[in-house]
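Inspection log for the structure reproduced underneath, given as structure tokens.
The values are calculated or read from the model by the stated rules, or taken from the named source; none is laboratory data. Computed from a prediction, not measured in an experiment: that's the story for all the values here. Note that we place each Cβ from the backbone using ideal geometry, even for glycine, and neighbour counts take in every protein chain shown.
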Amino acid sequence: MNDVVRFDDHTPRLFFLAAVFWAVVGMLVGLLIAALLFLPGLNMAPWFTFGRLRPLHTNAVIFAFVGNMIFAGSYHSMQRLLKTRLYSDTLSRIHFWGWQALIAAGGIGYLFGFTQSREYAELPWPLDVALAVLWIVYAVNFFGTIAIRREKHLYVAIWFYIASIVTVAVLHIGNNLAIPYSWIGSYPIYAGVKDALMQWWYGHNAVAFFLTTPYLGLMYYYLPKAAERPVFSYRLSIMHFWSLVFVYIWAGPHHLHYSALPEWASTLGMLFSLILWMPSWGGMMNGLLTLRGAWHRLREDPILKFFVVAVTYYGMVTFEGPMLSIKSVNAVSHFTDWTIGHVHAGALGWNAFLSFGILYWAIPRLWKTELYSVRLASVHFWISTIGLILYQVSMWVAGITQWAMWRAFEPDGRLLYPDFIETVIRIVPLYWVRLVAAILFFGGLFLLLWNLYKTIRSAPADYAKETEIRVPPLVRDLSAPGAVTAPNTWDHALYRLQHQLRHGVHRMLEGRAGTFTVLVVIAISVGSLVEAVPLFVDKSNVKEIASVTPYTPLEVAGRDIYVREGCYLCHSQQVRPFRYETERYGEYSKAGEYIYDRPFQWGSKRTGPDLHRVGGKYPSLWHVRHMERPDSTTPRSVMPRFPHLLTDPIDVAGVPAKLRALRAIGTPYTEGEIETAATAIATQAAAIAAEVESQQGPAGLADKEIVALTAYLQRLGTDIRWQRPEPALPLAVTSVEP
């Protein structure tokens with residue numbers, strides 16, 4: 001007798017609507033920071049500056065928009081693929097409302113400066129814990145649904161969902177191990193080079209297993225549905241999945257070429273990044289060839305247009321990524337806007353376009369109606385496509401321009417552009433092009449919003465009635481169709497194995513979700529352990545330098561202010577061993593200099609100059625003026641103003657707890673140093689404040705945050721002896737009227 005299954009479509013509806021809402025929020029903030037980056041007057045310190053809004057933008061797009069799309073698509077598709085209702089309505093509700101609360105809390109926290117300054121992992125530790133709990137809720141609901149499924153075979157989309165859930169859990173926990181020092185602040189247990197490796201093991205694979213593999217699962221379900229064609233190749237799906245899951249996890253260190261990371265690690269990351277190109281393009285071809293026989297519909301069907309561009313951009317980005325991992329190419333692209341263009345090509349071209357196609361296909365079906373306007377969807381497609389191309393090309397040109405100007409020399413051997421600001425001003429017109437591109441893309445998003453709103457408004461009154469299907473009970477013994485049990489004999493076991501093997505080993509594996517998941521865990525563990533264990537076990541990878549000492553209590557407070565204001569988003573602290581960098585900044589960076597840096601601050605992009613050797617380069621007054629009014633020390637500067645640093649007091653009371661947390665994870669502070677931290681802060685701060693006042697600067701700064709930040713900046717790069725190059729900017733500082 002067939003069983004009646006009622007699908008839970010309410011949960012996917014909620015997640016789809018949340019995805020649209022957060023897409024608007026995330027892209028609106030992205031539009032704003034695109035302007036803030038070169039129009040500094042728009043920054044409103046302390047809460048609405050580029051440094052605080054940028055993590056809000058990335059998290060709203062990645063975890064809110066894309067995250068909700070993943071949950072919506074997986075919950076919607078897996079019920080139909082497994083022919084069963086979601087495991088728990090209660091878990092579904094907890095997951096939905098908990099995730100929205102998490103995103104909102106994180107966004108508010110970023111505005112107040114609560115960040116760990118780790119790319120795509122900026123959430124403070126209590127929210128990291130909350131994210132882990134919610135991910136477990138999702139995993140229980142997901143695997144619980146698999147356990148009660150009425151379809152034994154796991155379709156390819158489910159494979160990618162499994163890999164995503166398992167790997168994101170491993171990445172999140174592994175990267176966010178930390179020691180709290182307050183109800184919201186913490187320090188990672190890793191320091192310096194080790195922290196950099198762990199962060200980019202996480203950062204690259206967050207892109208892999210949050211922005212890529214779950215979306216490939218969505219592609220394998222929704223693209224065939226929209227095209228009304230089967231997936232092109234089952235075997236290619238198998239090759240695509242396992243090679244991607246095994247290879248992707250190795251690629252993270254390619255983000256750290258020419259850095260203080262041991263060369264063997266970054267080379268290994270590069271090699272596996274190059275290998276990654278092949279399975280990625282296998283997935284792209286599998287997607288595009290699924291449309292065979294449906295190409296004639298492209299002219300009239302905007303949904304298929306979105307899918308085609310999305311899959312094409314997946315192929316483009318997964319070619320560009322391995323290319324950028326090649327050391328000689330990375331030397332050009334790293335720290336430039338080329339990387340920004342690459343990231344947005346993936347986020348907009350792959351994730352956003354695939355999301356738009358899914359929304360246009362799924363929303364009318366979930367609300368049991370027709371799409372309001374196919375023509376409006378087509379307009380959206382063309383506007384967004386133009387915006388996407390403009391964005392990418394402008395960042396390509398900007399990145400190559402930056403690299404060419406940074407490395408240019410006069411015939412006599414001097415830097416052609418010694419003032420870093422010259423390279424910034426030169427690419428401002430390209431930032432205007434990017435802003436126009438962002439406006440176009442955001443305008444297309446509003447067309448989507450209006451189209452979906454009108455579609456939902458046209459839904460019939462009974463649209464919420466649960467979809468019902470009738471399915472036979474799952475027969476788990478393939479050798480005896482219709483039987484519930486089977487004889488427990490060796491003969492029967494061998495017969496059953498033979499029957500299953502006739503359909504292929506992988507086909508047999510697809511009926512065993514537990515075994516499948518264990519193999520995924522093994523696949524992702526190999527690369528992770530091979531790269532991490534030698535760095536953590538072999539001390540020769542990070543050679544200690546005797547002259548490197550822990551930060552003073554005041555410098556610890558200043559470093560946390562540096563992190564809070566997002567300075568790491570525009571300034572790197574990693575001088576690479578290139579002549580043009582050592583001429584501009586000084587001696588290249590050594591691994592042993594970072595053993596007390598928690599978290600590391602190597603940066604990903606240089607909107608401003610590198611700061612690893614800035615200590616002692618300028619008098620303390622220069623730093624005070626630079627934070628109060630950047631254009632007073634650097635004419636035409638695009639840096640925001642931070643006047644609140646000259647009025648807000650240093651949190652002296654919180655420093656001892658920070659020192660104790662740092663001592664617990666390896667920084668050799670003594671109990672006496674911790675107990676006298678307040679006195680040490682007052683002494684060092686008074687000396688800096690007196691120096692500023694003696695240079696005709698403002699008085700009364702001894703207890704202000706600007707002094708702590710100045711202490712930290714003046715410390716950078718001074719632990720080792722090296723000969724400073726001729727300064728690119730004048731050391732003299734004149735008083736500037738406000």
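Is it the case that some residue within region 288-305 is part of a helix (DSSP H, G or I) and small (Gly, Ala, Ser)? No, the conditions are met nowhere in region 288-305. If you check Ser620, Ser632 for being in contact with a Ser or Thr (Cβ under 9 Å, 6 or more places away or on another chain), among the hydroxyl-bearing types (Ser, Thr, Tyr), over 30 Å from Met198 (Cα atoms) and crowded, with 20+ Cβ neighbours inside 10 Å, only one passes: Ser620.
Would you mind stating whether His240 is more than 30 Å from Ser589 (Cα to Cα) and either in contact with a helix residue (DSSP H, G or I) (Cβ under 9 Å, 6 or more places away or on another chain) or free of Cβ contacts under 8 Å to residues at least 12 places away in the same chain (or both)? For His240, the condition - more than 30 Å from Ser589 (Cα to Cα) and either in contact with a helix residue (DSSP H, G or I) (Cβ under 9 Å, 6 or more places away or on another chain) or free of Cβ contacts under 8 Å to residues at least 12 places away in the same chain (or both) - is met.
Listed here are the residues, each with its yes/no results for (1) surrounded by 13 or more Cβ atoms within 10 Å (Cβ to Cβ); (2) at pLDDT 85 or above; (3) assigned by TED's automatic domain parsing to the domain that holds Gln199; (4) not basic (Lys, Arg).
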residue: Glu422; (1), (2), (3), (4): yes, yes, yes, yes
residue: Leu430; (1), (2), (3), (4): yes, yes, yes, yes
residue: Pro473; (1), (2), (3), (4): no, no, no, yes
residue: His499; (1), (2), (3), (4): yes, no, no, yes
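The set of residues in region 363-397 that are touching a Lys or Arg at 6+ places or on another chain (Cβ under 8 Å) and among the small types (Gly, Ala, Ser) comprises Ser373, Ser378, Ser394. If you check Ile400, Ile383 for being in contact (Cβ under 8 Å) with a residue 40 or more places away in the chain and over 30 Å from Val25 (Cβ atoms), only one passes: Ile400. For region 144-154, filtered to residues that are crowded, with 18+ Cβ neighbours inside 10 Å and modelled with pLDDT of 95 or more, the residue that is nearest to Leu91 (Cα to Cα) is Thr145.
The listed residues are Leu447, Leu440, and the only one of them that is in the same structural domain as Ala347 (by TED's automatic domain parsing) and either closer than 30 Å to Pro630 by Cβ or touching a residue at least 60 places away in the same chain (Cβ under 8 Å) (or both) turns out to be Leu447.
Residue-by-condition table, conditions (1) touching a residue at least 60 places away in the same chain (Cβ under 8 Å); (2) out of contact with any helix residue (DSSP H, G or I) (no Cβ under 8 Å at 6 or more places or on another chain); (3) within 21 Å of Thr167 (Cα to Cα):
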{"residue": "Thr84", "(1), (2), (3)": "yes, no, no"}
{"residue": "Tyr87", "(1), (2), (3)": "yes, no, no"}
{"residue": "Arg93", "(1), (2), (3)": "yes, no, no"}
{"residue": "Trp97", "(1), (2), (3)": "no, yes, no"}
{"residue": "Glu122", "(1), (2), (3)": "yes, no, yes"}
{"residue": "Trp125", "(1), (2), (3)": "yes, yes, yes"}
{"residue": "Ala139", "(1), (2), (3)": "no, no, yes"}
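Taking region 311-407 and the helices (runs of 4 or more DSSP H) fully enclosed by it, the elements with 1 or more residues that are farther than 20 Å from Thr455 by Cα are at 327-333, 337-344, 374-406. Can you work out which of the residues in region 578-637 that are part of a helix (DSSP H, G or I) and among the hydroxyl-bearing types (Ser, Thr, Tyr) is farthest from Thr667 (Cα to Cα)? Out of the qualifying residues, it is Ser632. Does region 218-239 contain at least one residue that is surrounded by fewer than 24 Cβ atoms within 10 Å (Cβ to Cβ), on the phi > 0 side of the Ramachandran plot and outside any helix (DSSP H, G or I)? Yes: region 218-239 contains one or more residues that are surrounded by fewer than 24 Cβ atoms within 10 Å (Cβ to Cβ), on the phi > 0 side of the Ramachandran plot and outside any helix (DSSP H, G or I). Taking the listed residues Trp200, Trp183, Trp159, the one that is aromatic (Phe, Trp, Tyr), surrounded by fewer than 19 Cβ atoms within 10 Å (Cβ to Cβ) and in the same structural domain as Arg80 (by TED's automatic domain parsing) is Trp183, with no other qualifying. Can you pull out the residues in region 445-471 that are crowded, with 20+ Cβ neighbours inside 10 Å and at pLDDT below 95? Correct list: empty. Inside region 240-280, residues that are of a type in the set (A, V, I, L, M, F, W, C) and either assigned by TED's automatic domain parsing to the domain that holds Arg576 or farther than 25 Å from Gly315 by Cβ (or both) make up a count of 5. Screening Glu555 with (1) among the charged types (D, E, K, R); (2) assigned to a helix (DSSP H, G or I); (3) farther than 21 Å from Gln116 by Cβ; (4) touching a helix residue (DSSP H, G or I) at 6+ places or on another chain (Cβ under 8 Å) gives one miss only, at (3).
Candidates are the residues of region 391-406 that are surrounded by fewer than 18 Cβ atoms within 10 Å (Cβ to Cβ) and more than 22 Å from the chain's Cα centre (by Cα); the one that is nearest to Glu581 (Cα to Cα) is Ala404.
Taken together, Ile184, Ile158 contain a single residue that is hydrophobic (A, V, I, L, M, F, W, C) and either more than 20 Å from Leu354 (Cα to Cα) or out of contact with any helix residue (DSSP H, G or I) (no Cβ under 8 Å at 6 or more places or on another chain) (or both), which is Ile184. Only one of (1) in a loop (DSSP other than H, G, I, E, B); (2) under 25 Å from Ala178 (Cβ atoms); (3) of a type in the set (Asp, Glu) fails for Asp560. Which number is that? Here Asp560 meets the rest and fails (1).
Tell me, which residue of region 307-324 that is out of contact with any His (no Cβ under 8 Å at 6 or more places or on another chain) and over 23 Å from Trp295 (Cβ atoms) is surrounded by the fewest Cβ atoms within 10 Å (Cβ to Cβ)? Per the stated criteria, the residue is Met323. Among the conditions (1) closer than 21 Å to His380 by Cβ; (2) in contact with a Phe, Trp or Tyr (Cβ under 6 Å, 6 or more places away or on another chain); (3) among the hydrophobic types (A, V, I, L, M, F, W, C), the only one that Leu289 does not satisfy is (1).
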